[in-house]
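The values are calculated or read from the model by the stated rules, or taken from the named source; none is laboratory data. All of these numbers come straight from a predicted model, not from anything done at the bench. Here the Cβ positions follow ideal geometry from the backbone for every residue, glycine too, while neighbour counts run over all protein chains shown. Areas reflect the complete protein model, heavy atoms only, side chains present, ligands, DNA and RNA absent. Shrake-Rupley method; radii C 1.70, N 1.55, O 1.52, S 1.80 Å.
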Amino acid sequence: MSTPVTIKVRHARLEVTTSGQKVTRKVQTEPHASATVSLVKRASLAAGAKWPYAGLAATHTHKADGTYEAPSVDLETETEWLLVVHGKTKDGKPATPVVQWLTVNPADATKKKPLTLRPGWKDLGDLSREKDAEKARQGGHPDRGRQAAAVDLVGVTAKGSAASASGQHITVDLYERREVVLLNGINYDGKANFFPHILARRPWLWRRGLVDDGTLFTLLLTDCPRAPDPHQGNLRRTFVKAVKGEEWLEVDRETGWGAWKDFKAHLDAGSGGDYAGKHPLAGPDLYRYLERVGADAPGTVQEVSVYSHAYQRGPILYNTNQRPGYTSSTQPRDPDDLDLREKDWTAAGWTKKPLDLAKVKAAFRGDATLHAWGCNVKMDIIRSLNAVQKANGDAGDSKPVVIHRAWSNAPREEWSALPHHAILDLLADDLRRVPAYMANAARLLGLACYGAPPGMEGNFATEGGLPIMWVDPDGPALKDNKKGMMHRPSLRFYEKRLGLVPDGKNYVDYGALTKALEAREKQPIPFHVERWGKLLFTGPPWTQQWVLPTGVVVRGDPTDALPPLAAPVAPKASQFVGAAPPTTSRLYLAAGWATLSVGEVSRIFHATTRKVPLVTLTKQSGARAGLVVAEDGTVTLYKAEGAKLALDDGHAKAPKGVVHSGSPAALAW
């Protein structure tokens, strides 16, 4: 007695409605009349055939209303079968291929049991307890014993009850192809295990209706020595939703990467030469995978998420270094660097090992997002942001504050400023000097690329029992938390001062951040809000000097003495003997000091060395030095004459500073 199989194929589209925390999912379907339906015996598959089995010939023919039949296919002739359905959506977009492994439970006439189907093959079930770990890694396919959520085996319930003896009926839903790509960093410091987070991202998106039964989840699993079993590290695994609960059906995997322990031994040996063996799965493999998707299934990647430690220049997967000759953003990737770098989104990064960035870009949907769930800790920025926001709130700059800045060539720099413009300049300058991974990604992809806002760290939490990462508004700013420093004021600054809309976990889009700062830079800045401050130079001996608007430098003599300049004010006529300077200029006073000399000194402005005025003051009892800085960069020096200020005849005019052009890029800082 033969048992034919009727297969019904449907166009499927998920509709989601939300009410508070409740998410309601409804799948809209209609018959699909142009699918390619293949139901083949396992024994007939070509050696090495694998997902998505695109070359299989159709076995079923469309009859009507999305129903496909093949009278010649008889389930009683074989135990193990493979069902593959390919097609396009109604508007011609590629649909996610549906692949289901099937095993026949033969009919038993004596027990009056009809033939039934169950998901999986005998050796593709759960091999997580496989004793031979390497066999399990290379050939085992845990989770392939499950049934795809896009497949309905009519008559086979969750308990495996019998189907009708008249035949088997299978329903397959084809969804528009979408893919979520997830990558984790290893637990190299023993403090942060990111592996559970990429597993949890699947149910987190599912619960919110952000993915459907056809969405592919590709996990790029680094060689984490703390992974719970041999299936979890140093391989790529691709899943779709399984029919039961929050389970997932593995449809594809890729192995063959080298071991981290072997590569690390090469690094520790310090030979300096390129590694001759295979690297573990790492950062470059993300781009290679996206390049393949861009060639084979363009416009399908919905999200890329990286769970790892991170800093501004990129996520840290293994914490490897870049060797000399590879450290600059304009130099190619180091072949032995496993981390993600800001240069990866530029052609310069791939001059040694070419990558087609056009195909990488083509992989993404127009509404796709990129997420780096780590940190971008910069204590100088978060101190400054918090100080500005706490002093002045959402608007206005009435209260000067101390803003802190740490540079590589100076342990600490700080200035007192009218803060709004100064902070925005600080952020813009920081992104110029330290290229941001997410900003470069946004520039190439033209997509929303979310990372921790400059200054902040990513925090661990749970939500609905799932591990997540977020920027906790009340979370610690590392060691400064004991001083009452939190993320909340800084997050509010980004939202209110720059108009940034964080994602639901307080990460910001670096494309929007860059555009906001660039737009701000095109706006002329009133001269009177330019910043001024003191710069601590490295020693020994340690020396300090003032840097005023337009780049004017004021030093003391001896060099370890810093003249106590008062905060800048607008000149008043009553303060001067004779004509007063314009009220648009700024007056700086130093009581007990007199001008010793004027000259020039070289300073670096955004990698360009320029000459700026140098004014040296010396202590003198009863004296009072005055410096007036005009908008055109001119510095005029004054001295005390009774209670007023008169031109210092010996040093009336100092050389011009950097003339203010209305662009912060031209300013002294």
| Unique match (being under 22 Å from Phe364 (Cα atoms) and open to solvent by 50 Å² or more (accessible area, probe 1.4 Å)) among Arg237, Arg177, Arg202, Arg208 | Arg208
| message | I'm trying to understand the selection: among the residues of the stretch 341-379, which are in a strand (DSSP E or B) and among the hydrophobic types (A, V, I, L, M, F, W, C)? | response | Phe364, Ala368, Leu370, Ala372, Val377
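Any residue in the stretch 318-332 that is of a type outside the set (Phe, Trp, Tyr), buried (at least 22 other Cβ atoms within 10 Å of the Cβ) and touching a Ser or Thr at 6+ places or on another chain (Cβ under 9 Å)?
Initial filter on the stretch 318-332 (of a type outside the set (Phe, Trp, Tyr)): 319-325, 327-332.
From what's left, buried (at least 22 other Cβ atoms within 10 Å of the Cβ): none.
Checked against the condition, which is being of a type outside the set (Phe, Trp, Tyr), buried (at least 22 other Cβ atoms within 10 Å of the Cβ) and touching a Ser or Thr at 6+ places or on another chain (Cβ under 9 Å), the stretch 318-332 yields no hits at all.
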| Do you know which residues across the stretch 292-310 are out of contact with any His (no Cβ under 9 Å at 6 or more places or on another chain), surrounded by 19 or more Cβ atoms within 10 Å (Cβ to Cβ) and under 18 Å from Ala442 (Cα atoms)? | Gly294, Thr300, Val301, Gln302, Ala310
| request: Considering each residue of the stretch 333-347, count those that are in contact (Cβ under 8 Å) with a residue 12 or more places away in the chain, under 20 Å from the mean Cα position of the chain (by Cα) and either more than 14 Å from Met438 (Cβ to Cβ) or crowded, with 19+ Cβ neighbours inside 10 Å (or both), and give that number. | output: 10
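Within the stretch 483-506, is there a residue that is modelled with pLDDT of 95 or more and buried (at least 20 other Cβ atoms within 10 Å of the Cβ)?
Of the residues in the stretch 483-506, the ones modelled with pLDDT of 95 or more are 505-506.
Subset that is buried (at least 20 other Cβ atoms within 10 Å of the Cβ): 506.
Within the stretch 483-506 (the criterion being modelled with pLDDT of 95 or more and buried (at least 20 other Cβ atoms within 10 Å of the Cβ)), the answer is yes, since at least one residue qualifies.
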| Has the stretch 597-615 got any residue that is at pLDDT 85 or above, aliphatic (A, V, I, L, M), open to solvent by 60 Å² or more (accessible area, probe 1.4 Å) and assigned to a strand (DSSP E or B)? | no
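Is it true that some residue in the stretch 90-106 is part of a loop (DSSP other than H, G, I, E, B) and touching a Gly at 6+ places or on another chain (Cβ under 7 Å)?
Filtering the stretch 90-106 for residues part of a loop (DSSP other than H, G, I, E, B) gives 90-93, 96-97, 106.
Those still in the list that are touching a Gly at 6+ places or on another chain (Cβ under 7 Å) too: 96.
Scanning the stretch 90-106, I find at least one residue that is part of a loop (DSSP other than H, G, I, E, B) and touching a Gly at 6+ places or on another chain (Cβ under 7 Å), so the answer is yes.
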| request: Return only the number of the condition from (1) open to solvent by 50 Å² or more (accessible area, probe 1.4 Å); (2) modelled with pLDDT of 90 or more; (3) not in a helix (DSSP H, G or I) that Asp474 does not satisfy. | output: (2)
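Return yes or no: is Ala561 more than 18 Å from Asp649 (Cβ to Cβ), open to solvent by less than 60 Å² (accessible area, probe 1.4 Å), at pLDDT 70 or above and assigned to a loop (DSSP other than H, G, I, E, B)? Spell out the reasoning first.
Values: more than 18 Å from Asp649 (Cβ to Cβ): yes; open to solvent by less than 60 Å² (accessible area, probe 1.4 Å): yes; at pLDDT 70 or above: yes; assigned to a loop (DSSP other than H, G, I, E, B): yes.
It is true that Ala561 is more than 18 Å from Asp649 (Cβ to Cβ), open to solvent by less than 60 Å² (accessible area, probe 1.4 Å), at pLDDT 70 or above and assigned to a loop (DSSP other than H, G, I, E, B).
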| query | Identify, please: which residue in the stretch 380-421 is in a strand (DSSP E or B) and surrounded by 19 or more Cβ atoms within 10 Å (Cβ to Cβ) and is, among those, modelled with the lowest pLDDT? | reply | Glu413
| field | Which listed residue is modelled with pLDDT of 80 or more and not in a strand (DSSP E or B), from Gly578, Gly556 | value | Gly578
| query | Do you know which residues across the stretch 114-135 are out of contact with any Leu (no Cβ under 6 Å at 6 or more places or on another chain), modelled with pLDDT of 80 or more and not in a loop (DSSP other than H, G, I, E, B)? | reply | Thr116, Arg118, Pro119
| query | What's the number of the condition Ala276 fails, among (1) of a type outside the set (Val, Ile, Thr); (2) under 25 Å from Leu431 (Cβ atoms); (3) open to solvent by 40 Å² or more (accessible area, probe 1.4 Å)? | reply | (2)
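Residue-wise test of (1) under 51 Å from the mean Cα position of the chain (by Cα); (2) closer than 18 Å to Val553 by Cβ; (3) at pLDDT 80 or above; (4) open to solvent by 70 Å² or more (accessible area, probe 1.4 Å).
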site: Thr618; (1), (2), (3), (4): no, yes, yes, no
site: Ala623; (1), (2), (3), (4): no, no, yes, no
site: Val629; (1), (2), (3), (4): yes, yes, yes, no
site: Leu637; (1), (2), (3), (4): yes, yes, yes, no
site: Ala640; (1), (2), (3), (4): no, no, yes, no
site: Asp648; (1), (2), (3), (4): no, yes, yes, no
| remark: When every residue in the stretch 154-174 that is open to solvent by less than 40 Å² (accessible area, probe 1.4 Å) and modelled with pLDDT under 90 is compared, the one farthest from Asp212 (Cα to Cα) is Gly167
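What number of residues within the stretch 348-374 are of a type in the set (Gly, Ala, Ser), touching a residue at least 24 places away in the same chain (Cβ under 8 Å) and either open to solvent by 30 Å² or more (accessible area, probe 1.4 Å) or out of contact with any Leu (no Cβ under 6 Å at 6 or more places or on another chain) (or both)? Steps first, please.
Taking the stretch 348-374 as the starting set, the residues that turn out to be of a type in the set (Gly, Ala, Ser) are 348-349, 358, 362-363, 366, 368, 372, 374.
Next cut, touching a residue at least 24 places away in the same chain (Cβ under 8 Å) only: 358, 362-363, 366, 368, 372, 374.
Going one step further and asking which of them are either open to solvent by 30 Å² or more (accessible area, probe 1.4 Å) or out of contact with any Leu (no Cβ under 6 Å at 6 or more places or on another chain) (or both), we end up with 358, 362, 366, 372, 374.
Residues in the stretch 348-374 being of a type in the set (Gly, Ala, Ser), touching a residue at least 24 places away in the same chain (Cβ under 8 Å) and either open to solvent by 30 Å² or more (accessible area, probe 1.4 Å) or out of contact with any Leu (no Cβ under 6 Å at 6 or more places or on another chain) (or both): 5 in total.
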| request: Could you tell me whether the stretch 439-461 includes any residue that is at pLDDT below 85, of a type in the set (A, V, I, L, M), open to solvent by 30 Å² or more (accessible area, probe 1.4 Å) and farther than 15 Å from Gln389 by Cα? | output: no
| note | Here the residues within the stretch 253-312 that are farther than 20 Å from Gly349 by Cα, of a type outside the set (Gly, Ala, Ser), part of a loop (DSSP other than H, G, I, E, B) and within 18 Å of the chain's Cα centre (by Cα) are none
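Can you go through Gly87, Gly55, Gly66 and tell me which one is modelled with pLDDT under 95, out of contact with any helix residue (DSSP H, G or I) (no Cβ under 9 Å at 6 or more places or on another chain) and not β-branched (Val, Ile, Thr)?
On the way: Gly87 fails: modelled with pLDDT under 95; Gly66 fails: modelled with pLDDT under 95.
Within the list Gly87, Gly55, Gly66, the selection yields Gly55.
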